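Student: Pasting in a structure now, in structure tokens, and then I'll have a few things to ask.
What follows is calculated from the coordinates using simple rules that are stated; it is not laboratory data. Keep in mind that this is a model prediction, so the values were computed, not measured. Glycine also receives a Cβ, built like all others from the backbone with ideal geometry; neighbour counts cover every protein chain displayed.
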Amino acid sequence: MEEGTTYVGLDTHKESIFVAMLLPGEKPVEWQLRNEPAAVRRLVRTLQRDAPGPIACCYEAGPCGYTLQRQLRGAGLGCLVVAPSLIPVKPGERIKTDRRDAKKLAELLRAGLLTAVHPPTEEDEAVRDLCRCREDAKEDRERTRHRLAKLLLRRGVVYSAGRQWTRAHYTWLRQVHFERAADRTVFDDYLQAVEQVEERLRALDAQLVVAAQLERYRAPVGWLRCFRGIDTVTALTLVAELHGFERFRSARELMAYLGLVPSEHSSAEHHRRGRITKAGNHHVRRLLVEAAWHYRHRPGVGAALRKRRVDQPARIIALADKAQQRLHRRYWTLLGASRKPPNQAVIAVARELAGFVWAALQRPADDRAA
């Protein structure tokens with residue numbers, strides 16, 4: 001930061017913002033305002049009037065999103081959204097208030113001890129929320145299915161003609177009949193909830209297919225669909241969640257960002273590594289782990305995968321084929337020679353799959369130059 005900079009810590013909430021301003025060589029100035037556009041505009045005028053030089057603001061990432069940052073940047077002020085989990089904490093500190101939090105943010109910003117998160121554009125954020133909306137709908141489907149299945153189990157009505165939630169199973173469900181009116185009411189309500197969430201998922205899937213054809217997503221989504229276990233929804237979610245992909249300078253940075261690297265506690269001659277850190281974006285981590293399970297099967301290119309690879313660059317197809325060979329071999333080596341449990345083997349495969357994703361999303365040098 002430049003010398004003479006004014007540092008501003010903002011403790012943001014749904015209805016209020018507590019402000020701590022550190023002017024060069026003066027005591028902190030603190031006040032509170034409402035979290036609304038008019039109040040933010042007054043805050044900007046106050047900062048620009050009182051600050052003798054450049055202004056740097058920050059606040060913690062949270063449920064308020066990036067609206068405040070966009071408002072401040074639109075007014076010409078620098079503003080960082082910082083990662084809450086990476087804010088230094090004093091072990092002996094036992095008092096927490098909005099005033100202290102705002103002052104602490106300003107002081108840590110001045111000391112350069114805060115880690116900023118990479119904000120998405122409004123377009124990226126909209127597509128990312130669409131992907132997360134589908135995840136929420138899937139969770140709702142699991143809950144509604146569970147309620148219906150357990151109701152039937154309690155009543156001794158069990159489907160044994162094959163797998164559940166297939167077309168045949170739904171046909172069988174519509175033929176189930178209970179003698180008691182209360183049972184019929186509960187069953188009909190649960191079945192209707194399942195059918196409604198299925199319709200929600202179909203509508204969201206259709207919207208995701210449309211979003212994947214947008215200019216900014218078409219090429220990277222097409223590249224990722226060349227990989228086994230990655231289709232349109234997964235590919236679009238990966239691209240939307242990893243917005244600003246150029247910030248990952250190496251595959252190792254991406255693996256660490258996704259929390260797929262081992263935790264470590266080492267001191268002097270003692271070295272100890274533990275489970276993966278599970279830091280960073282858990283949405284992408286979950287998708288990569290799900291995709292990694294596909295690599296336990298023998299490498300091959302089926303009809304669906306072959307269709308997804310039509311008109312895609314040879315570089316990407318060769319990389320995807322290399323991933324199939326390496327990750328399949330890696331999975332069975334860990335299970336065999338290393339005697340690792342399947343879950344640990346899949347995590348290792350997901351970590352390496354993240355490296356292949358990083359390599360696939362690196363644009364060629366001529367594209368970057370253009």
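Student: Run the numbers for Glu139 and Arg34: contour at 0.36 nm per residue of separation, minus the present Cα-Cα distance, in nm.
Tutor: Values: separation 105, 0.36 × 105 = 37.80 nm, distance 3.52 nm.
Working it through step by step, the gained length comes to 34.3 nm.
Student: Treat the count of other C-beta atoms within 10 Å as a stand-in for reagent exposure and order Trp165, Trp223 from fewest to most.
Tutor: Arranged by neighbour count, lowest to highest, Trp165, Trp223 become Trp165, Trp223.
Student: Looking at the chain, which Cys residues are left with no other cysteine's beta carbon under 4.7 Å from theirs?
Tutor: Among the cysteines of the chain, those whose Cβ sits 4.7 Å or more from every other are Cys58, Cys64, Cys131, Cys133, Cys226.
Student: If the viscosity is 0.692 mPa s and the temperature 37 °C, what Stokes-Einstein diffusion coefficient in µm²/s follows for the chain when Rh is the Kirkwood radius over Cα pairs?
Tutor: On the way: Rh = 24.6 Å.
In µm²/s, the coefficient rounds to 133.
Student: Moving on to the next point. How much length is gained if the chain between Val117 and Ser250 is pulled fully straight, taking 0.36 nm per residue apart and subtracting their Cα-Cα distance, in nm to one decimal?
Tutor: 46.1 nm
Student: Filter Lys278/Lys340; Lys90/Lys278; Lys14/Lys138; Lys307/Lys340; Lys278/Lys307 down to the pairs with a C-alpha to C-alpha distance above 25 Å, please.
Tutor: On the way: Lys278/Lys340 19 Å; Lys90/Lys278 23 Å; Lys14/Lys138 28 Å; Lys307/Lys340 35 Å; Lys278/Lys307 34 Å.
Exceeds cut-off: Lys14/Lys138; Lys307/Lys340; Lys278/Lys307.
Student: Okay, next question. Could you state, as a whole-number percent, how many of the C-alpha pairs of the stretch 6-111 are farther apart than 16 Å? It would help to have the intermediate numbers written out before the result.
Tutor: Values: 3009 of 5565 pairs.
Roughly 54 percent, once rounded to a whole number.
Student: Along each of its three principal axes, how wide is the spread of alpha-carbon positions in the stretch 122-212, in whole angstrom units, largest first?
Tutor: The principal-axis extents, from largest down, are 53, 26, 15 Å.
Student: Stretched out fully, how many nm does the piece from Arg272 to Val209 gain, at 0.36 nm a residue minus the Cα gap?
Tutor: Details: separation 63, 0.36 × 63 = 22.68 nm, distance 4.50 nm.
Additional length available on full extension: 18.2 nm.
Student: Let me ask something additional. Report the dimensions of the stretch 265-370 along its three principal axes from the alpha-carbon atoms, largest first, rounded to Å.
Tutor: Extents along the principal axes, in whole Å: 52, 37, 24.
Student: Sorted by mean Cβ packing within 10 Å, highest first, what order do the peptides 276-283, 209-216 take?
Tutor: Values: 276-283: 15.2, 209-216: 13.5.
Packing proxy ranking, top to bottom: 276-283, 209-216.
Student: Near Arg132, within a Cβ-to-Cβ distance under 12 Å, what is the net charge of the other residues, with Lys and Arg +1 and Asp and Glu -1? Kindly include the intermediate steps, with their values, before the conclusion.
Tutor: Numbers: positive: Arg128, Arg134, Lys138, Arg286; negative: Glu125, Asp129, Glu135, Asp136, Glu139, Glu241.
That sum, taken over residues with Cβ under 12 Å, equals -2.
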